[in-house]
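Below is one structure; the comments refer to it alone.
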Amino acid sequence: MARAQGPIEQALRSRVADHPDATWLKWKDEEVPWRDVLSYTQRAANGLLEIGVRPGEKVALLLPNRPEFLWAHLGIVFLGAHSVPVNTSQRGATLAHILSDSDAVCAIVHEDLREALMSVRDRCPLLRTSVVLDGKAGEGIDWDFDRLMEGADTEPDVDLDEPSGGVGMMYTSGTTGPPKGVVATKYDTSPLPIILGATGVKPGETLYTPLPLFHGNALLISFIGSILLDAKLALAERFSASRFWDDCRKYDAVEFNTLGGMISILLKQPDRPDDADNPVRTVLSAAAPPDRWREFEQRFGVDIVEFYGMVDSPGFLLNADGVVGSMGKPIANIDFAIMDDNGQPLPAGQVGEICFRHPLGQTTHYHKLPEATAEAYRGGWFHSGDLGVIDDEGWWFYKGRKKESMRRLGENISAWEIETVINQHPDVLESGAHAVTSELGEDEVKVAIVPQPGTNPKPESILDFCKGKMAHYAVPRYVEFVDALPKTETHRIQYAILKANGITADTWDRNAAGYKVEKV
């Protein structure tokens, strides 16, 4: 039978041919060489073939950060099937939607998530088989993971004209509806070496990630990227601020990636005399806070390389020049433009939607959602839903999500423009701005604030700080101090939860307090 090989399999086989005994994976106190990576991958692929998975079919992965996630995912790729990584926090209706909507025929689940899977299995008619890690077969589970790995250590014997991509289908959070499945089988991974190359990581050096493998950052950039770069991968179970730098030292990691609030969380840790005594040279960041950028670099002795990208479609910006606050400039011959609501390009200095088009054309689509796909790719451009602006030198700057924006006094306001100012207040650790219903029919602005430890800021001091730093109409009416902001596993603020909380008994109202905001 003829079986086509994709770039990831070709790279993996090349590593085994060149240096089979060199380490690829570092996991706890274990190191796994390239020859074993290939062996585990082929055994997983043949195990999946034996349990009934065929090329083109979907396999759901409900697994935490574990080596077995890697073997299963690579085995699926080798088989020509499609991996569907599932957020391990999903339960109930959302989990049932992902499993049924994806048409998954097999699920590989950790024992801790067994009950969650079993509770929705009757709503997933195409789900034929299941495999459990760290548990026993039976009671609705067909095999344990050891049985899966009894597959032959040979190239899977399947007829495959077109290889599977590095990612099969990933589900993105739905703002108003259920999660959408991004079919990424043709996702272009060629920009990944460009991005990692900008970090200065050399073949044989170590990337570290504590981010969840079900998320595109760890899956594409760290996991797949390390294979394409011939680098080592150090994998942690989860993000721990207290263990973070010791992990980097233990694994001799020269690079890691950050998302969301990780930089602020790491800066919150007590100062240590050895903070800068670590092997890390470069941090690949998405959304580094501009006001903490230099502080982070100086305290920990690292350089931040900022980038922009998304699972929905392969478009990337890269800033390896240290321009604080900028996402960078386009790479890999991908066209970018800032557009207005009518799809017309805007000049430098004007905020609009970030749109891009890939030289290969449309490389992704939303599963079973032709109208949503057509809307996202309208006019031949992928519309990201992100707001941005370009300066006169061509640097791109993020201005928030369109759907996280508010409208007050006839003006559009992004959460980002409010949070960026308030987060600079010396007594503020982080903040989340969102809309609440106004009696006037538009929105009022509320901000939830996590104070710096040991501080007790007053709402008036926050609004005083805002004066002259943001438009008068953007200054929040409502302020509430909270212990923590609701976040996803990738440390992104969950604005839907903040909006659902609305006005509480602990919310301060500047109108009721008689606080006046004047135009400055």
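If segment 191-401 were replaced by its equivalent ellipsoid, with semi-axes equal to the square roots of 5 times the Cα gyration tensor eigenvalues, what would those be, largest first, whole Å?
So the three semi-axes of segment 191-401 are 31, 20, 15 Å.
How do 277, 134 line up, fewest other C-beta atoms within 10 Å first?
On the way: 277 11, 134 15.
Ordered from fewest to most neighbouring Cβ atoms within 10 Å, 277, 134 come out as 277, 134.
Which cross-chain or sequence-distant (5 or more) residues have an amide H under 5 Å from the amide H of residue 400, H modelled 1.01 Å from N in plane?
The list, which skips near neighbours in sequence, is 387.
If all Cα-Cα distances of segment 7-174 are sorted into 5 Å bins from 0 onward, what percent lands in each bin, rounded to whole numbers?
Calculated over all Cα pairs of segment 7-174, the distribution is 2, 9, 18, 22, 21, 14, 9, 4, 1, 0 percent.
Along segment 300-313, what does the Karplus equation 6.51 cos²θ - 1.76 cosθ + 1.60 (θ = phi - 60°) give for ³J(HN,Hα), rounded to whole Hz, x for Gly and Pro?
With the stated coefficients, segment 300-313 comes to 9, x, 10, 10, 8, 10, 9, 9, 10, x, 8, 5, 4, 6 Hz.
Residue by residue, what Karplus-based ³J(HN,Hα) values in Hz, rounded to whole numbers, does segment 453-467 have, using 6.51, -1.76 and 1.60 with θ = phi - 60° and x for Gly and Pro?
x, x, 10, 9, x, 9, x, 4, 5, 5, 6, 4, 5, 6, 4
Scaled to the compact-protein estimate 2.2 N^0.38 Å, what is the alpha-carbon radius of gyration of segment 281-346, rounded to two decimal places? Mind showing how you got there, number by number?
Details: Rg = 14.0 Å, N = 66, 2.2 N^0.38 = 10.8 Å.
Ratio of Cα Rg to 2.2 N^0.38 Å: 1.29.
Determine the distance separating the Cα centre of segment 436-461 from the Cα centre of segment 340-376; give it in Å without decimals.
So the separation of the two Cα centres works out to 33 Å.
Within the set 329/399; 368/402; 232/487, which residue pairs have Cα atoms separated by over 20 Å?
Checking Cα-Cα distances, 368/402; 232/487 exceed 20 Å.
Across segment 431-436, in residue order, what do the Karplus-derived ³J(HN,Hα) couplings come to in whole Hz, using 6.51 cos²θ - 1.76 cosθ + 1.60 with θ = phi - 60° and x for Gly and Pro?
Residue by residue, segment 431-436 yields 8, x, 9, 7, 8, 10 Hz.
By DSSP, what percent of the beta bridges with both residues in the chain are antiparallel, rounded to the nearest 5?
Percentage antiparallel, nearest 5: 55.
Relative to the compact globular guide of 2.2 N^0.38 Å, what is the alpha carbon radius of gyration of segment 176-251, as a ratio?
1.24
Considering only C-alpha atoms, what is the centroid distance from segment 144-171 to segment 21-69, in Å?
9
In debye, nearest 20: dipole of segment 405-513 around its Cα centre with unit charges on the Cβ of K, R (+) and D, E (-)?
Here the size comes out at about 140 debye.
What distance in nm separates the two pseudo spin-label positions at residue 18 and residue 411, each 7 Å out from Cα along the beta-carbon direction?
That separation, rounded to one decimal, is 5.5 nm.
Can you give me the convex hull volume of the Cα atoms of segment 436-520, divided per residue and expressed in Å³?
125
How big is the Kirkwood radius of segment 213-270, worked out from every pair of different alpha carbons and given in Å to one decimal?
Radius from the Kirkwood sum: 12.4 Å.
Return 215, 82 ranked ascending by Cβ neighbour count within 10 Å, so the fewest neighbours appear first.
In increasing order of surrounding Cβ atoms, one gets 215, 82.
With runs of 4+ DSSP H residues as the only contributors, calculate the mean residue ellipticity of the chain at 222 nm using -39,500 (n - 2.57) per run, divided by the residue total and rounded to the nearest 500.
-7000 deg cm²/dmol
Out of 141, 130, 118, whose Cα points farthest toward the positive end of the dipole of segment 101-178 (charges: +1 Lys, Arg; -1 Asp, Glu; placed on Cβ)?
Most positive-ward Cα: 118.
Using all Cα-Cα distances in segment 296-433, what percent lands in each 5 angstrom bin from 0 up to the longest?
So the P(r) values, bin by bin, are 2, 9, 16, 19, 20, 15, 10, 5, 2, 0.
Leaving out same-chain residues fewer than 8 places away, which aspartates and glutamates sit with a Cα under 13 Å from that of residue 469?
Answer for residue 469, where 13 Å is the Cα cut-off: 417, 419, 518, listed by chain and number.
Placing unit charges on C-beta atoms (Lys and Arg positive, Asp and Glu negative, everything else neutral), compute the dipole magnitude of the chain about its Cα centre in debye, rounded to 20.
So the magnitude is around 700 debye.
Largest first and in whole Å, what are the equivalent-ellipsoid semi-axes of segment 58-119 based on the Cα gyration tensor, each being the root of 5 times an eigenvalue?
Ellipsoid semi-axes (Å, largest first): 19, 14, 8.
Kindly rank 313-320, 330-337, 190-197 from highest to lowest mean number of other beta carbons found within 10 Å of each residue.
313-320, 190-197, 330-337
Relative to the longest principal axis of the C-alpha atoms of the chain, give the angle of the C-alpha long axis of helix 34-51, reported between 0 and 90° and rounded to the nearest 10°.
The two axes meet at around 80 degrees.
With the Cα gyration tensor of segment 230-353 giving a ≥ b ≥ c as the square roots of its eigenvalues, does the rule (a/c under 1.5 for rounded; else a/b larger than b/c for prolate; else oblate) give rounded, prolate or oblate?
prolate
Distances longer than 17 Å among the Cα atoms of segment 121-229: what percent of all pairs is that?
Here the tail beyond 17 Å accounts for 72 percent of pairs.
Once the other residues with Cβ under 10 Å from the Cβ of residue 62 are scored (Lys, Arg +1; Asp, Glu -1), what is the net sum?
0
Let a ≥ b ≥ c be the square roots of the eigenvalues of the Cα gyration tensor of segment 1-73; is it rounded (a/c under 1.5), or, if not, prolate (a/b larger than b/c) or oblate?
Verdict is oblate for segment 1-73.
Would segment 368-466 count as rounded, prolate or oblate if I go by the C-alpha gyration tensor, calling it rounded below 1.5 in a/c and otherwise prolate when a/b exceeds b/c, oblate otherwise?
Taking the square roots of the gyration eigenvalues as a ≥ b ≥ c, segment 368-466 is prolate.
Would you be so kind as to identify which of 98, 203, 19 lies farthest towards the positive end of the dipole of the chain, taking Lys and Arg as +1 and Asp and Glu as -1 on Cβ and the Cα centre as origin?
Selected residue: 98.
Working from Cα positions, state the angle (0 to 90°, nearest 10) between the long axis of helix 67-79 and the longest principal axis of the chain.
70
Could you tell me the ratio Rg/Rh of the chain? Both radii from Cα atoms, Rh via Kirkwood.
Details: Rg = 23.7 Å, Rh = 24.3 Å.
Value, to two decimals: 0.97.
Where a number appears in this text, it was derived from the coordinates with a stated rule and is not lab data. What you see is a predicted model, and the numbers here were worked out from it, not measured in a lab. Positions of Cβ are backbone-derived with ideal geometry, glycine not excepted, and every protein chain shown enters the neighbour counts.
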